[in-house]
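So the structure is just underneath, and the comments pick up after that.
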Amino acid sequence: MICLHWVNDLPRALEQIHYVLKPDGVFIGAMFGGDTLYELRCSLQLAETEREGGFSPHVSPFTAVNDLGHLLGRAGFNTLTVDTDEIQVNYPGMFELMEDLQGMGESNCAWNRKALLHRDTMLAAAAVYGEMYGNEDGSVPATYQIYYMIGWKYHDSQAQPAERGSATVSFGELGKINNLMSQEKKSQ
């Protein structure tokens with residue numbers, strides 16, 4: 001379930017997750033990332049600025065990937081892995097996208113947003129969306145960026161990194177592996 005983006009105090013939530021884990025326990029999570037719905041956000045901002053002289057946030061704020069790694073580390077997790085994935089979904093238009101978001105329960109719940117947008121602003125945003133991001137078939141893309149994260153709670157039994165300079169093979173030699181393998185195939 002992707003829902004960590006709804007947490008108001010993400011640093012505290014990650015600290016609490018770390019606290020309840022057993023030693024050598026793992027936390028695996030996913031959340032929407034910073035570039036989620038950038039097409040919709042940009043279109044709404046441009047239209048609202050042009051029609052109303054300013055804009056307020058109409059899409060909930062999201063965390064940046066580099067901030068997420070720092071937050072996990074600050075919460076006490078180690079052996080961190082943060083990965084990102086982008087999924088693009090095409091919709092017939094901006095209004096269908098917004099209806100889908102509302103149906104998923106992903107409407108903006110920020111307290112500092114305007115209660116409504118004027119009709120002409122919404123129509124202008126739909127036109128901007130279609131013009132700037134529209135596909136050849138008339139549909140519009142919506143990008144969902146998803147962050148996947150893994151963090152471990154420390155325990156003495158965990159594998160430790162080797163000391164710096166203790167490697168027996170250099171990274172430069174790794175490139176030679178392909179040559180050796182292709183020569184071996186030829187000789188068979």
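Kindly evaluate ASP9 against the criterion of being at positive phi and at pLDDT below 95.
No.
Tell me which residues, restricted to the stretch 155-179, are open to solvent by 100 Å² or more (accessible area, probe 1.4 Å) and in contact with an Asp or Glu (Cβ under 8 Å, 6 or more places away or on another chain).
none
For the stretch 12-67, give me the residue count where each residue is in a helix (DSSP H, G or I), touching a residue at least 60 places away in the same chain (Cβ under 8 Å) and not charged (D, E, K, R).
Qualifying residue count, the stretch 12-67: 10.
Across the stretch 30-56, what is the total count of residues that are surrounded by fewer than 18 Cβ atoms within 10 Å (Cβ to Cβ), more than 24 Å from GLY93 (Cβ to Cβ) and within 17 Å of the chain's Cα centre (by Cα)?
Qualifying residue count for the region: 2.
When you scan the stretch 131-168, how many residues do you find that are under 26 Å from ASP83 (Cβ atoms) and assigned to a loop (DSSP other than H, G, I, E, B)?
Residues that pass the stated criteria total 11.
Pairs needed: first member in the stretch 159-188, farther than 30 Å from ASN78 by Cβ and among the acidic types (Asp, Glu); second member anywhere, in a loop (DSSP other than H, G, I, E, B) and open to solvent by 100 Å² or more (accessible area, probe 1.4 Å); C-beta distance under 8 Å; at least 6 residues apart or different chains.
Note: no pairs meet the criteria.
Testing THR143 on (1) in contact (Cβ under 8 Å) with a residue 24 or more places away in the chain; (2) surrounded by fewer than 11 Cβ atoms within 10 Å (Cβ to Cβ); (3) under 30 Å from GLU48 (Cα atoms), one condition comes back false. Which one is that?
(2)
Residue check: is GLY151 open to solvent by less than 50 Å² (accessible area, probe 1.4 Å), of a type in the set (Gly, Ala, Ser) and without any contact (Cβ under 8 Å) to a residue 12 or more places away in the chain?
No, not satisfied.
The values are calculated or read from the model by the stated rules, or taken from the named source; none is laboratory data. Just so it is clear, the model here is predicted, and its values are computed rather than measured. Positions of Cβ are backbone-derived with ideal geometry, glycine not excepted, and every protein chain shown enters the neighbour counts. With ligands, DNA and RNA removed, areas are computed over all heavy atoms of the protein, side chains included. Shrake-Rupley method; radii C 1.70, N 1.55, O 1.52, S 1.80 Å.
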